[in-house]
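Quick notes on the structure that follows.
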Amino acid sequence: MILVHIITNNKDQAMEIIHLLMEKELLLHAIVSEKKVYQKKAVGGNLISNIQTLIIGKTKALLFKTINQELKKAYPNNMPILYSIPIVYMDDEQTAFLRAHTAEV
């Protein structure tokens with residue numbers, strides 16, 4: 001089990017991604033959060049900020065490759081940032097629910 005993190009530059013794309021992944025049963029639940037992200041400007045070293053939208057969703061680790069392929073296909077010129085974090089422990093009932101409600105691997 002993993003938590004998939006998907007970072008987009010706008011909320012509309014985030015909502016499209018959630019719809020796409022849930023429709024294909026690649027993501028069980030999704031949390032959406034807008035975050036202010038800071039980075040250093042190349043010239044001058046000043047901090048600049050922008051708003052990004054973070055999607056966090058639970059899924060099976062073996063579905064990560066499929067999620068990546070679906071996002072690359074849907075957004076070839078505007079691929080969001082995608083990575084995952086392992087879920088080390090999870091309640092047995094929640095694990096069974098996740099397995100039953102996501103795509104077969």
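The values are calculated or read from the model by the stated rules, or taken from the named source; none is laboratory data. Please read all numbers here as calculations on a predicted model, not as lab measurements. Here the Cβ positions follow ideal geometry from the backbone for every residue, glycine too, while neighbour counts run over all protein chains shown. Only protein heavy atoms, including side chains, enter the accessible area calculation; ligands, DNA and RNA are left aside. Shrake-Rupley method; radii C 1.70, N 1.55, O 1.52, S 1.80 Å.
Points worth noting:
- The set of residues in the stretch 1-26 being surrounded by 15 or more Cβ atoms within 10 Å (Cβ to Cβ) and assigned to a helix (DSSP H, G or I) consists of Gln13, Ala14, Met15, Ile17, Ile18, Leu20, Leu21, Met22.
- Cross-chain or 6+ apart pairs with Cβ under 7 Å, the stretch 86-105 first and under 12 Å from Ala61 (Cα atoms), then polar (S, T, N, Q) and open to solvent by less than 100 Å² (accessible area, probe 1.4 Å): Thr102/Thr59
- Residue in the stretch 73-93 that is surrounded by 15 or more Cβ atoms within 10 Å (Cβ to Cβ), outside any strand (DSSP E or B) and under 12 Å from the mean Cα position of the chain (by Cα) present: yes
- Any hit, the stretch 27-38, residues being open to solvent by 40 Å² or more (accessible area, probe 1.4 Å), under 19 Å from Ala103 (Cα atoms) and assigned to a loop (DSSP other than H, G, I, E, B): yes
- Answer residue from the stretch 39-64, given it is in a loop (DSSP other than H, G, I, E, B) and open to solvent by less than 90 Å² (accessible area, probe 1.4 Å) and is farthest from Ile87 (Cα to Cα) among those: Gly44
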